[in-house]
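J.: My questions will all concern the structure given below.
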Amino acid sequence: MPDVVILDLEMPIMDGIETTTYLKKHFPNIKIIILTKHTSDEFIVHLIEEGAHGFLAKDNDIEIIIDAIHSVHENGFYLNEDVNLAMAKGLVRKRRIRPKFAKVDLTEREIDVIRLVYKEKKTKEIADILNIEPQSVSNYKNSIIDKTKSKNIIGAVMYAMKHNLLE
């Protein structure tokens, strides 16, 4: 069982917010550091309230990241200027806001393709249904994978499910 876990916010299957909540519920002794490009006050405050023990921007030097790991392991928390400022602002506002990721902008055709993939249609079948070339279907699949930051088409389908694009 790890002592400290470092999470990004944008991850496939479960994002960092969901993972933090899950870990705190099921493994309360694990300490969590968020390392992300999303450094808005809303993200910082929400994650600290959810139980994260530290929050760092990805552009920090490796020495700062190492210091944060040691601090969380030894002291149970890591505070920096960004966290302190965000928490102060959050206390002033006294409201909990769950931040949202910007939705990926899929085209109508990409949504058609991902819906057919979800229905377990093969590339040739999708091409026939949409009256396009199989190579175009492959191009759409690759575009969907890129836009959703998925590792494969299964991850893209999971993204589409999570964001209610399959209805």
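Each reported figure results from applying straightforward, stated rules to the coordinates on display, with no laboratory input. The structure presented is a predicted model; accordingly, all values stated were derived computationally and were not measured. Glycine also receives a Cβ, built like all others from the backbone with ideal geometry; neighbour counts cover every protein chain displayed.
J.: Which of rounded, prolate or oblate describes the range 4-93 when judged by the alpha-carbon gyration tensor and an a/c cut-off of 1.5?
T.: rounded
J.: Spin-label point model (7 Å from Cα, Cβ direction): what's the MET14 to SER143 distance in nm?
T.: Going from the MET14 label point to the SER143 one covers 3.3 nm.
J.: Would you calculate a helix-derived [θ] at 222 nm for the chain, using -39,500 (n - 2.57) for each DSSP H run of n ≥ 4 and dividing by the full residue count, to the nearest 500?
T.: Computed ellipticity for the chain at 222 nm equals -17000 deg cm²/dmol.
J.: Oh, and also: Would you mind computing, in nm to one decimal, how far apart the modelled labels at LEU85 and GLU63 are, each placed 7 Å from Cα along Cα→Cβ?
T.: 2.2
J.: Out of residues 5 or more away from ILE6 or on other chains, whose amide H comes under 5 Å of its own, with H placed 1.01 Å from N in the peptide plane?
T.: Under 5 Å from the amide H of ILE6: ILE33.
J.: Another question, then. Angle check, please: helix 108-118 long axis (alpha carbons) against the longest principal axis of the chain (alpha carbons), in degrees 0 to 90, nearest 10.
T.: 90
J.: Holding the Cα-Cα limit at 31 Å, pick out from LYS37/LYS162; LYS24/LYS119; LYS31/LYS151 the pairs that are longer than that.
T.: The pairs that break the limit, which is 31 Å between Cα atoms, are LYS24/LYS119.
J.: Collect residues whose amide H, placed 1.01 Å from N in the peptide plane, falls under 5 Å from the amide H of MET11; neighbours closer than 5 in sequence don't count.
T.: Placed amide hydrogens put GLY16 under 5 Å from MET11.
J.: Can you give the FRET efficiency for HIS73 and LEU130, using 1/(1 + (r/R0)^6), R0 = 41 Å, r = Cβ-Cβ distance, to the nearest 0.05?
T.: 0.20
J.: With the contact rule set at Cα under 8 Å and sequence spacing of 6 or more, what percent relative contact order holds for the chain?
T.: On the way: 193 pairs, mean separation 31.2, N = 167.
Across the chain, relative contact order equals 19 percent.
J.: Let me know the whole percent of all Cα-Cα pairs from the chain that are separated by more than 18 Å. Let's see the in-between values first.
T.: Working: 9005 of 13861 pairs.
Summing the P(r) of the chain above 18 Å gives 65 percent of all pairs.
J.: Here's a follow-up. Can you give me the long-range amide H partners of LEU56? Hydrogens built in the peptide plane at 1.01 Å from N, cutoff under 5 Å, separation of 5 or more residues or another chain.
T.: ILE34, LEU35, THR36
J.: Arrange the peptides 134-140, 62-68 so that the one whose residues have, on average, the most other Cβ atoms within 10 Å appears first.
T.: Going from most to least packed, we get 134-140, 62-68.
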